[in-house]
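The values are calculated or read from the model by the stated rules, or taken from the named source; none is laboratory data. Keep in mind the model is a prediction, meaning the values are calculated, not measured. Because the Cβ atoms are built from the backbone with ideal geometry, glycine has one as well, and the counts that use them run over all protein chains shown.
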């Protein structure tokens, strides 16, 4: 087999959105970089996560919004065209063809190697291509591991043998199963329950704990559970799935001692690091573990190694991977130039928002949009704080948006510094309300100043005024 | 006729949302207050402006959004039920009955007098009730004039005699005229053209200048004009309306020498101060003029008199009237207590956002949402600045939101302080994107910090990242 050697300033393992952004930043900074990818350039988000899942949901949301407006509702007399929705989903994933992403990589002046990558000691990566040829890559300055994460499969007897759907199959399925069983009530389980229920499946959702979306403010999981049930999803909280088997075309789960039958089962119970087969043992790290990094995304103890995105376990969200990529890329460039790099809060090299201001949106009906600390997190961190809450439906803009609008806004305020620690919105179409909260948290804008940030009337954003009034008391 | 005398700490002329808020703030501050109102408590916004106009538009918007999503579009097979939309509009205006507002005033511990109010020298207001009885009100601390504005009628020959629609009639009409002529291409003319066109009227819009929405960034007016035309509205720019007359049931306008016929004509060419008949001459001011106030909303030269909301001509928007009311109310309370009042920027007594961060949303299709300075205003003020722009449709969240999404984001950046001076969004459903910009402008959040304000993927808010990249270059 042929073998080659190549040297780059920066070698990036994994060409998902995180890896692409690390490479882009360092190339803009004057360094050379190569991406190594064994599957699709563009990564999980483009093909199996954010884009297809939101595409599956958007039509359902748009119709629900139109039906909620008296006068407009009369025009929504037909049904969603499921085939057309799936076709639209496929258009976003480019039918799982990555040529447009490859074109972007080439245009950005970034190298690309197809194949599996393994670290082989300091600054060295061995790539085995699809034809078995190997390339030995040497990194002058840094190796950035951006291999991401994969779906975890819980230790349920027989589960691996029933070929369960992971989020990949749930977002790429070509038709709605008649009966879909969903194990896991986090954001993936909730979003996919809404999506496939609306596209024709009879959905049963099993959540081991007593609440959906357990990381969010409790109002979020309660509202989503109530809405799932209103939409016809069978939501079972406190459900213990202990075994799985196939019976002909059916999948059979043992749940709390009884049996539940379906046609497919989606398992969405979290992620695990993709570090099992990338040679981290050759540099003294434990395969399968998340990479332990500092705020500049540098692996502790290995100054040439960076762990960026899902693979470090800090914040497993596309936008946070890209954010970390910008910060890590800036740190790599600065260190290559011999410039000082600061890991201090809000420095251009530090991923401070990972701790203080991570936004996330759950695209359910209602949506859940949150940033910063929840009240539980503020309590755990021992921060002096007060929680204020107000129903969004009481705002003129919300009542115009939809008849009977129901939602909640929750703000966690630092009582010492009088700044926002976190904000959660639960309600229809709240996704775009979130960035105002993110700017306020990141900017540490004092509450006294926020009174001057007037929401335009009559928008849903007027909820900000209600939150300030609730804070004032 | 009977006559009475009453004394309050604060006398408020006009019980629109501005007057209500002044009274509410001073009563919360421990002062007594009375509102004087000759028409409906709640004011223009509730009955004739924001609420009904947005209610007329919302159904059209919701249907357009559903039709823009392949798969969902198939379900929108019917037509908007115009009668149901008008009925929904009426529900927001409570059929022009103000009893719920009156209940709020009473519950807030605010006095209410029905009748016309005239200043009669310092701290004195004479109210003539519907039965002709007069009440002489004395204000211990302040008189706040919140009488607002009314539609201006341009000097067009014969126009007053054809009984043109003002914005009041345009928002409260019980049916769509067959042919509606609209004079004026500001936000009222544009919104009402969209609304009535969608509800069945054949609309012709005349704008004297060469662009709609002339106060906004030029991209806004261009996009709205193009969309109005796509929707079937006859938009005539550079049109000079010189005469009007009735011919039977028809209204006939002379435009650029030719005649145009319609069934109704809406005149929306601006506002004028409601100061003609309120006795400002008894305190040395000119009737019909806007009240000249400082940043605490105090009339210059008359320390006991405040002009709040539309009547001062600073910012004629409901939310800014309410904002001014909070600032003026705080100033009145502080001065009554002998406390220091500061008119400095961003003080709790100053309406600084009037100059620096006034948000506004035009609820057209596409919407236009803007805050702070436009590029033209930054140029006029001689501020060092750079303008960056990016198409919103290129953002993943926008392409998910609607097939073929078209929009533009424009940021005006202060190149010396590296903060945002103003932002404009043009595009479908951009109204809720605006508050993030308002917080950034008001909070004077440095661009370097804004890089840490990560937009959630895939939302339309990701446009923020594109703007930062455009700024970085």
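Assigned to a loop (DSSP other than H, G, I, E, B) and over 30 Å from residue B:335 (Cα atoms): which single residue out of B:175, B:169, B:150 fits that description?
Working: B:169 fails: assigned to a loop (DSSP other than H, G, I, E, B); B:150 fails: assigned to a loop (DSSP other than H, G, I, E, B).
It is B:175.
Residue B:270 versus (1) touching a strand residue (DSSP E or B) at 6+ places or on another chain (Cβ under 6 Å); (2) in contact (Cβ under 8 Å) with a residue 60 or more places away in the chain: which is the lone unmet condition?
(1)
Would you mind stating whether residue B:133 is away from every other protein chain (no Cβ under 14 Å) and touching a residue at least 60 places away in the same chain (Cβ under 8 Å)?
So residue B:133 passes the test.
Please indicate, with yes or no, whether at least one residue in the stretch B:433-449 is under 22 Å from residue A:453 (Cβ atoms), crowded, with 24+ Cβ neighbours inside 10 Å and out of contact with any helix residue (DSSP H, G or I) (no Cβ under 8 Å at 6 or more places or on another chain).
Applying the first criterion (under 22 Å from residue A:453 (Cβ atoms)) to the stretch B:433-449 yields B:433-449.
Retained after the next criterion (residues that are crowded, with 24+ Cβ neighbours inside 10 Å): B:433-443.
Filter once more, keeping what is out of contact with any helix residue (DSSP H, G or I) (no Cβ under 8 Å at 6 or more places or on another chain): B:437.
Yes, some residue in the stretch B:433-449 is under 22 Å from residue A:453 (Cβ atoms), crowded, with 24+ Cβ neighbours inside 10 Å and out of contact with any helix residue (DSSP H, G or I) (no Cβ under 8 Å at 6 or more places or on another chain).
Within the stretch B:332-351, identify whether any single residue is touching a strand residue (DSSP E or B) at 6+ places or on another chain (Cβ under 9 Å) and under 19 Å from residue A:396 (Cβ atoms), and answer yes or no.
Among the residues of the stretch B:332-351, not one is touching a strand residue (DSSP E or B) at 6+ places or on another chain (Cβ under 9 Å) and under 19 Å from residue A:396 (Cβ atoms), which makes the answer no.
Among (1) over 25 Å from residue A:440 (Cα atoms); (2) in contact with a strand residue (DSSP E or B) (Cβ under 8 Å, 6 or more places away or on another chain); (3) within 14 Å of another protein chain (Cβ to nearest Cβ), which single condition is residue A:359 missing?
(1)
Are any residues in the stretch A:255-267 over 18 Å from residue A:190 (Cβ atoms) and in contact (Cβ under 8 Å) with a residue 60 or more places away in the chain, and if so, which ones?
Correct list: A:260, A:261, A:263.
From the residues in the stretch A:291-301 that are part of a loop (DSSP other than H, G, I, E, B) and in contact (Cβ under 8 Å) with a residue 24 or more places away in the chain, which one is nearest to residue A:335 (Cα to Cα)?
Let us first name the residues in the stretch A:291-301 that are part of a loop (DSSP other than H, G, I, E, B), namely A:291-292, A:294-297, A:300-301.
When the remaining residues are screened for being in contact (Cβ under 8 Å) with a residue 24 or more places away in the chain, the result is A:291, A:294-297.
Numbers: A:291: 20, A:294: 15, A:295: 15, A:296: 11, A:297: 13 Å.
This residue is A:296.
Can we say residue A:349 is part of a loop (DSSP other than H, G, I, E, B) and crowded, with 24+ Cβ neighbours inside 10 Å? Steps first, please.
On the way: part of a loop (DSSP other than H, G, I, E, B): yes; crowded, with 24+ Cβ neighbours inside 10 Å: yes.
So residue A:349 fits the description; yes.
So is residue A:315 assigned by TED's automatic domain parsing to the domain that holds residue A:344, without any contact (Cβ under 8 Å) to a residue 60 or more places away in the chain and within 18 Å of the chain's Cα centre (by Cα) or not?
Considered against the rule, which asks whether it is assigned by TED's automatic domain parsing to the domain that holds residue A:344, without any contact (Cβ under 8 Å) to a residue 60 or more places away in the chain and within 18 Å of the chain's Cα centre (by Cα), residue A:315 comes out as yes.
Taking the options A:344, A:376, name whichever one is modelled with pLDDT of 95 or more, assigned by TED's automatic domain parsing to the domain that holds residue A:318 and surrounded by fewer than 20 Cβ atoms within 10 Å (Cβ to Cβ).
A:344
Somewhere in the stretch B:25-44, is a residue under 30 Å from residue B:197 (Cβ atoms), in a helix (DSSP H, G or I), at pLDDT below 95 and in contact with a helix residue (DSSP H, G or I) (Cβ under 9 Å, 6 or more places away or on another chain)? It would help to see each step written out before you state the result.
First, the residues of the stretch B:25-44 that are under 30 Å from residue B:197 (Cβ atoms): B:39-40, B:42-44.
Going one step further and asking which of them are in a helix (DSSP H, G or I), we end up with B:43-44.
Keeping just the survivors that are at pLDDT below 95 gives B:43-44.
Keeping just the survivors that are in contact with a helix residue (DSSP H, G or I) (Cβ under 9 Å, 6 or more places away or on another chain) gives B:43-44.
Checked against the condition, which is being under 30 Å from residue B:197 (Cβ atoms), in a helix (DSSP H, G or I), at pLDDT below 95 and in contact with a helix residue (DSSP H, G or I) (Cβ under 9 Å, 6 or more places away or on another chain), the stretch B:25-44 yields at least one hit.
Collect the residues in the stretch A:200-215 that are surrounded by fewer than 24 Cβ atoms within 10 Å (Cβ to Cβ), out of contact with any helix residue (DSSP H, G or I) (no Cβ under 8 Å at 6 or more places or on another chain) and either outside any strand (DSSP E or B) or not assigned by TED's automatic domain parsing to the domain that holds residue A:179 (or both), keeping them in residue-number order.
A:208, A:209, A:210, A:215, listed by residue number.
Hey, among the residues in the stretch B:241-251 that are part of a strand (DSSP E or B) and without any contact (Cβ under 8 Å) to a residue 24 or more places away in the chain, which one's surrounded by the fewest Cβ atoms within 10 Å (Cβ to Cβ)?
B:247
I'd like to check something: does the stretch B:317-339 contain any residue that is within 12 Å of chain A (Cβ to nearest Cβ) and not in a helix (DSSP H, G or I)?
yes
Just to verify a result, which residue in the stretch A:100-139, among those that are within 16 Å of residue A:14 (Cα to Cα) and surrounded by fewer than 14 Cβ atoms within 10 Å (Cβ to Cβ), is farthest from the chain's Cα centre (by Cα)?
Going through the qualifying residues, I end up with A:130.
Quick check on my filter: what residues within the stretch A:55-88 are more than 21 Å from residue A:429 (Cα to Cα) and either in contact (Cβ under 8 Å) with a residue 60 or more places away in the chain or assigned by TED's automatic domain parsing to the domain that holds residue A:170 (or both)?
Matches in the stretch A:55-88: A:82, A:86.
Can we say residue B:229 is surrounded by fewer than 24 Cβ atoms within 10 Å (Cβ to Cβ), over 16 Å from residue B:56 (Cα atoms), in contact with a strand residue (DSSP E or B) (Cβ under 6 Å, 6 or more places away or on another chain) and free of Cβ contacts under 8 Å to residues at least 12 places away in the same chain?
When the stated conditions are applied, residue B:229 passes them.
Determine, yes or no, whether residue B:185 is part of a loop (DSSP other than H, G, I, E, B), modelled with pLDDT of 95 or more and closer than 17 Å to residue B:59 by Cα. Break it down stepwise before answering.
Details: part of a loop (DSSP other than H, G, I, E, B): yes; modelled with pLDDT of 95 or more: yes; closer than 17 Å to residue B:59 by Cα: no.
The answer is no for residue B:185.
Scan the stretch B:12-24 for residues that are within 14 Å of chain A (Cβ to nearest Cβ) and either over 20 Å from the mean Cα position of the chain (by Cα) or not in a strand (DSSP E or B) (or both) and jot them down.
Once the filter is applied, which keeps residues that are within 14 Å of chain A (Cβ to nearest Cβ) and either over 20 Å from the mean Cα position of the chain (by Cα) or not in a strand (DSSP E or B) (or both), the stretch B:12-24 yields B:17, B:18, B:20, B:21, B:24.
Which of the residues belonging to the stretch A:64-103 are assigned to a helix (DSSP H, G or I), within 12 Å of chain B (Cβ to nearest Cβ) and over 17 Å from residue A:48 (Cα atoms)?
Of everything in the stretch A:64-103, those that are assigned to a helix (DSSP H, G or I), within 12 Å of chain B (Cβ to nearest Cβ) and over 17 Å from residue A:48 (Cα atoms) turn out to be A:64, A:65, A:66, A:67, A:73, A:74, A:75, A:82, A:83, A:84.
Restricting to the stretch B:387-410, name every residue that is surrounded by 19 or more Cβ atoms within 10 Å (Cβ to Cβ) and within 13 Å of chain A (Cβ to nearest Cβ).
Selection gives B:392, B:395, B:396, B:397, B:398, B:399, B:400, B:401, B:402, B:405, B:407, B:409.
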